[in-house]
Structure formats: C-alpha cells, structure tokens
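Heads up: the structure comes next, in structure tokens.
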Amino acid sequence: MESFYIVGGSSLEGEVEIDTAKNSLLPILAGCILVDGEILLENVPKYSDVLYMCMILEHLGGKTKFTQGKFANQDLYIDCRDIIYSDVPNELACKVRSSIFTLGSILGRKKIAKVSYPGGCDIGLRPIDIHLSGLKQMGCKVVDKNGYIYADGSKLRSGDVMLSFPSVGATENIMMLATLTEGESRIFNPAREPEIVDLQNFLNSCGAKITGAGSNLITIKGVKKLHGCEYQAISDRIEAGTFLIAGAMCGKELVVKNVNQEHNQELLAKLSKTVCNLICDDDRIIISRTRRPLSFGEVETAVYPGFPTDLQAPMFALASISDGYSLIIENLFEARFKHIGELLKMGCDIRCKNGVCIVKGKEKIYGAEVNVPDLRGGAALTLAGLVAEGYTTINNVELIDRGYFHLEDKLSSLGAHVKRIKCEKKVDNCS
Ligand code: UD1
C-alpha cells in the first residue's frame, strides 16, 4: 500500500499544467477497437485506469506502446488492426469501470462480444441497464449471465435509441456501436459532457460521421471502416477543478494552466462566492486568496452542464474550512459520501441525511490517519491535508492514481509538503 504523508499549512504558489482528461482517454481507448489503422494519442498521462484499458486492448489482440513525443507526458501508439478476440474477462474488467465501453466497440467491430461486469470506484450501484437497453434498441441480442454480458450483433441495425437517463457511459457505448453500423442512428437524450464531444471528434478524425455531440441529439451515419489518426484529447476539467478548489483553500498565487474555462463554469461561479481572487485569461486561471474563504453556499450535483459529481468530494474539503455553513447535495451516485467519515477524523463538522449534507466550516481542522475510499474522495482528503494543522497520512493512494498523475509531485512543486511513502499494511475498504 502507498500513502501520502502531508505536513499541513503551506500555501500554494506557482504554475501547474493540467493533464489530458482521463474521462476522455478511456472511451477513446475503447473507440480504438473500431479503428483499422495506427493511432497516435498525444500527451497521455499514465493514469492507472489508462494502463488497465491498454491491458484490455492487448488482451483483445491490439498493440499499445508509450513513446516520448513533444509533450510533458508520453504519446501512446495504438494498433487494433489485428484484434482477434471479442471477450473481456472478469480479471481485467474488474479493474476499471470503463471496461464496459468496450462492449459497444467490440460489438461494432466483431458483431459479437462477451464482456464481464465492470469494476471501478465503489460509489454506488452503478447499473448498466441503460447501456444494455441501447444495444437492444439497435437489434442486438443481449444475455446477462454469471456476471458476463453476452451480446450478439448478427442482427445489428441502425435506428433511433432513446436513453432513459443521459448516462455518459451509455451514450459513449452507443455512439461507438453505431459508428460502423450501416445506416443512420440517432441517440435521443444523450449525455452532453465535453468528453462526449471529444469522443465524437476523435472518431470523426478516424473517418466516422457523427454530429450533434454536446446537444440533445446525436446523429451517427455508419461508415464501413475507420482509419488511423493523430489526436490530442481535451484537458481534464476535474483535475483543473481540483486545483482551483485547492487555490480557493490555500492559494497564494496559483496559476492553473491548460484549462477550458467553459468546462468549469459552474465551479467558477461557486468559487467566486468564496471571495477568492480569480483572473481568467484564455486557457489559464490565476487564483489567490488573502483571507479565510467564505462559504460557497450550496452545491447540487447534476449532469453536465450542471455541477460535476466528480468535484463534490473536493468541495467538502473547501466547505470544511470556509466561514459559514455550506450545503452539498449529491444527485447522481447514492454512495458517493464515503470521504465524509474520513473528513470527520480530521475534525470537520458534517451532517448528512438522504443525500443532503450540511458542512459547518471550521477555523482549524487537524491532521489524522485517513483512508482513501475512492478516487475523488482521495483528492478531497489530500486537499484537507494541505490545510490541516499537523500531519496527515492518507492510505491507499493507489486509488488517487486512477485519475491524477503524480498528484503529490504537482502539489510539492507548488510549495506543499506531500510525500508518497510505502506502507506494509493494507487498508481493504475499496473495490
Ligand atoms: C462517468 C464518469 C464519472 C462521472 C460520471 C457522471 C467516465 C469514465 N466516468 O461515469 O467520472 O462521475 O460519468 O458524470 O467517464 N446509470 C444507470 N444505468 C446505466 C448507467 C448509469 O442507472 O446503465 C446511473 C448511474 O448509476 C449513475 C448515473 O446513471 O447514478 C450516472 O452514471 P453515468 O453517467 O453512466 O456515469 P459513468 O459513465 O459510469
């Protein structure tokens, strides 16, 4: 097990470059299964979730290779021309939620797929019924047996797919399935997240004909084949948001670079209420504060363009030291509150009932030994550790590595005291 050891109390000062978005890279990697050519993905951080997706591509018969390019992170070559298998076994699927995205792309390419139920962060039930309903609406036969989805696409057809809820993963799965399916398919009530637009742009760079991503209707005109391309995915709005929240908590003059401000509008509106100084300038945001933040008031998670559920946990860290009461409501994942028990160990004052939490900001919170419950919960504990009095040990930081690349190094370069240490014991509270 690895832990972060944090000495609290430093201010953050300097520049931090936001990495390429994990939630764009994962569906794009699944999309590579559709492509009959070489792909170069530029500037790819080695998030552990990305490495797991590469293992799945290799298992299917694809090739993946990191090489040094012109960016800070390496480029990733992918060649799925010789994909021979159509199954994703449990031992690979259980590592990463996005393994389920391969259902649409394997089925699109091979017309048959056997994919295990996915793993990922333990933040709720996370059913896949909307994915499966979409497959069925396109004529696939789907059998759900012994933890595996068996999908037969021999009678696959284009057409209209209505999603009962704008699920991000289901939208991406159906987009990929429809890409190589003859005729025109339309997705009604799709998710509108920027990562959906990014998947559309990637697939179109490979020769797909997709329009409407980011709106209420996505149209896909099936093509026979996709060709290779070079592509750089968008910057990670959740990593950007995490650093902006850190800036509101303890930023002296923190320059967050490579941010798309439009993708973080809801967060910026909340941060402006804390009365920190925010200067938004092209793709960088400078954030600083000279006094204790005021409460941001209320945050309620929603599908994009609403407030992202992935930033809900970090907002608890900010609320815990802000002046006044804050209200935080989670609407997407019923079990996404496991960080609260850990924050209580640090002296935070949080009360919750039926998904609604009230946080009373404290002048001081204290270092403690805490355990990462899931990826974004881990980010929240790290932010709390930065401002806590004394030392904080955060166990199980491998879960943070799923979606932040060398978070401790980035924070240390800004003046924080964060070290990664190896520990003997294992904390077994995570999926
Ligand atoms: C994606 C993101 C994740 C983010 C989430 C919501 C990736 C790799 N992950 O996850 O970081 O927190 O969007 O913005 O992009 N649901 C069903 N049935 C389904 C599918 C979803 O009931 O078939 C429910 C889920 O349980 C959840 C809600 O819909 O309550 C949203 O899930 P979804 O949008 O599918 O999230 P993911 O794609 O898993």
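The values are calculated or read from the model by the stated rules, or taken from the named source; none is laboratory data. Keep in mind it's a predicted model, so treat the numbers as computed, not measured. In this analysis, Cβ positions are derived from the backbone assuming ideal geometry, glycine residues included, and neighbour counts consider all displayed protein chains. Please note that ligands, DNA and RNA were not included when accessible areas were found on the heavy atoms of the full protein model with its side chains. Shrake-Rupley method; radii C 1.70, N 1.55, O 1.52, S 1.80 Å.
The heavy atoms of V197 present about 40 square angstrom of accessible area, all protein chains included, probe 1.4 Å. Taking the longest Cα principal axis of the chain as reference, the axis of helix 168-179 is set at about 20 degrees. Can you tell which of T392, N204, I286 lies farthest toward the positive end of the dipole of the chain, using +1 and -1 charges on the Cβ of basic and acidic side chains (Lys, Arg; Asp, Glu)? Value computed over the given set: N204. The angle between the Cα long axis of helix 312-321 and the longest principal axis of the Cα atoms of the chain comes to about 0 degrees, rounded to the nearest 10.
Holding the Cα-Cα limit at 20 Å, pick out from K270/K353; K22/K225; K155/K224; K111/K224 the pairs that are longer than that.
Going by Cα-Cα distance, K270/K353; K22/K225 fall outside the 20 Å limit.
Annotation note: trypsin sites (Lys or Arg not before Pro) in the range 63-134 located in DSSP loop regions with a Cβ neighbour count of at most 14 within 10 Å are K70, R81. Phi angles of the range 184-196 translate, via the Karplus equation with coefficients 6.51, -1.76, 1.60 and θ = phi - 60°, into HN-Hα couplings of 9, 10, 10, 10, 8, 6, x, 5, 10, 4, x, 5, 6 Hz per residue; Gly and Pro are given as x. Nearest 10 degrees is fine. How inclined is helix 375-387 to the longest principal axis of the chain, computing both from alpha carbons? Its long axis makes an angle of about 20 degrees.
What is the distance in Å between the Cα centroid of the range 324-344 and that of the range 40-57? Using only Cα atoms to place each centre, the spacing works out to 30 Å. Secondary-structure-derived ellipticity at 222 nm for the chain, considering helices only, amounts to -9000 deg cm²/dmol, per-run term -39500 (n - 2.57) for DSSP H runs with n ≥ 4. In the chain, Cα pairs under 8 Å separated by at least six residues give a relative contact order of 21 percent.
For labels at E300 and I421 in the simple 7 Å Cα→Cβ model, what's the distance in nm? The answer from the label model is 4.3 nm. Pairs from the table (K63/K95; K252/K410; K46/K95; K273/K419; K63/K136) lying more than 22 angstrom apart at Cα are K273/K419; K63/K136.
The charge dipole of the range 22-226, taken about the Cα centre with unit charges on the Cβ atoms of Lys, Arg (+1) and Asp, Glu (-1), comes to about 400 debye, rounded to the nearest 20. Putting +1 on Lys and Arg Cβ atoms and -1 on Asp and Glu Cβ atoms, find which of Y47, T64, L156 reaches farthest to the positive end of the dipole of the range 22-226. After comparing all options, I get L156. Dipole magnitude for the chain: computed about the Cα centre from +1 point charges on Lys and Arg Cβ and -1 point charges on Asp and Glu Cβ, it is near 720 debye. Put simply, the amide H of E298, placed in the peptide plane, has neighbours under 5 Å in L327, leaving out anything fewer than 5 places away on its chain. Within the chain, the longest run free of GluC sites (Glu not before Pro) that sit in a DSSP loop with at most 16 other Cβ atoms within 10 Å is 183-333. Computed over the chain, the convex hull of the alpha-carbon atoms projects to a mean area of 18.7 nm².
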